[in-house]
Structures are given as structure tokens and as C-alpha cells.
Amino acid sequence: MEALYKNFFRKKDNANPVLKALEEIPIFENLLKKELRKIVQLTHERKYKSNEYVFKKHAPAEGMYVILDGKIEIRDPKSRNIFANLNSGDFFGELALLDEKPRSASAVCSEPSRLIGFFRTDLLTLIKRYPELGNKILLNLSRVLGERLRETNKNIIELN
């Protein structure tokens, strides 16, 4: 038997999984829910099979990806060096939001995966329509890239 009285004020946890994923990405840090919803409208969701390439080294760079489910390996196909093993909640390819240089490595699915794509054309559209929001994203992106550069420098120093 169902209860006669329900708490109609209790919030239901039926949030959009894409919105939830973006909230955890540093590039979209400190954005309001309504700003995040604008970004969600511009994202592209796609499923990949195990061993399928998300992109190959030297391919034109178009944008970044967020892993909703699955595992991605970032690697160099020639040397077979593995640069990163990424899981649900991780992101990669963000440098492509800033320039059109070819990819410096390949991204391959280690298992069936579901990704969100956010592309440079989407960011440029966002900047044009909502300059303040675009600036927030660009500032966050700069922080992420700066942190990755610092970490790379630290690793190089430790190797020598």
C-alpha cells in the first residue's frame, strides 16, 4: 500500500548524467547550474567499442572528451608508450579547444565506453553568445593547462 502523504518537497535525484559529469571537470569549475545547462546543450554523446579509436595521432584536433563510462588509453602508436590510463570522470584532449594542431597521441578505448565531446566550434559559439561564460571557461582551461605543464616539468626534472 502506498503512503497517503508524500513529501512533495524532497528533491529527486534524477539529474542529467552529463550535467553531473561536467560539474566534476575543472574546466567547468565554479559555473552556475544554468551555465552548465547551456554547455550540456552543446555537448555530443557517443558510444565506443573496445579497441576503437576516439582519435588517432596526427588527426586534426577538434575538441575535448569526458568519460561517462569506460576506460581510455592515451598512447603513442609508434613507440607504444602509454601516457595515461583514464577512467569514468576523467577528461582528455582539452588543448584542442585552443588550437588546431594535430593530435600528439592516440586515444583508444580499453573497454566499451561512453564519452561526451565538447568541441572548439561549440566553445566559440558559447563565447560569442555568452562572453562572460566563455571567459570563465577559458580561465579554467588556462589553469588546467598550467597545472599539467607544471606536472610535466616536475616529471622531467625527476627523470634527470
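The values are calculated or read from the model by the stated rules, or taken from the named source; none is laboratory data. Predicted model only: the values in this text are computed from it and were never measured. Using ideal geometry, Cβ is built from the backbone for each residue, glycine included, and neighbour counts are taken over all protein chains shown.
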request  = Kindly provide the set of residues from the stretch 95-127 that are modelled with pLDDT of 95 or more, in contact with a Leu (Cβ under 8 Å, 6 or more places away or on another chain) and among the charged types (D, E, K, R), ordered by number.
outcome  = Arg114, Arg120
request  = Could you check how many residues of the stretch 128-150 are farther than 24 Å from Leu32 by Cβ and either at pLDDT below 90 or surrounded by 15 or more Cβ atoms within 10 Å (Cβ to Cβ) (or both)?
outcome  = 1
ask   = Among all residue pairs at least 6 apart or on different chains, which show Cβ distances below 7 Å where the first residue, located in the stretch 19-36, is farther than 11 Å from Ile116 by Cβ and free of Cβ contacts under 8 Å to residues at least 40 places away in the same chain and the second is surrounded by 13 or more Cβ atoms within 10 Å (Cβ to Cβ) and of a type in the set (Phe, Trp, Tyr)?
value = Leu36/Phe28
message = Can you pull out every residue in the stretch 69-101 that is aliphatic (A, V, I, L, M), in a loop (DSSP other than H, G, I, E, B) and either free of Cβ contacts under 8 Å to residues at least 40 places away in the same chain or under 20 Å from Ala21 (Cβ atoms) (or both)?
response = none
task = Collect the residues in the stretch 20-45 that are under 15 Å from Pro131 (Cα atoms) and of a type in the set (Asp, Glu), keeping them in residue-number order.
result = Glu35
request  = Name, by its number, the condition in (1) at pLDDT 95 or above; (2) farther than 19 Å from Asp69 by Cβ that does not hold for Glu52.
outcome  = (2)
inquiry  = Can you pull out every residue in the stretch 102-136 that is touching a residue at least 40 places away in the same chain (Cβ under 8 Å), assigned to a helix (DSSP H, G or I) and in contact with a helix residue (DSSP H, G or I) (Cβ under 6 Å, 6 or more places away or on another chain)?
reply    = Arg120, Asp122, Leu123, Leu126, Leu133
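Could you please let me know if Lys34 is in contact with a Ser or Thr (Cβ under 6 Å, 6 or more places away or on another chain) and either closer than 23 Å to Glu147 by Cβ or outside any strand (DSSP E or B) (or both)?
Spelling it out, it is not the case that Lys34 is in contact with a Ser or Thr (Cβ under 6 Å, 6 or more places away or on another chain) and either closer than 23 Å to Glu147 by Cβ or outside any strand (DSSP E or B) (or both).
With Lys71, Lys78 as the choices, which residue is among the charged types (D, E, K, R), over 16 Å from Leu138 (Cα atoms) and under 14 Å from the mean Cα position of the chain (by Cα)?
Lys71
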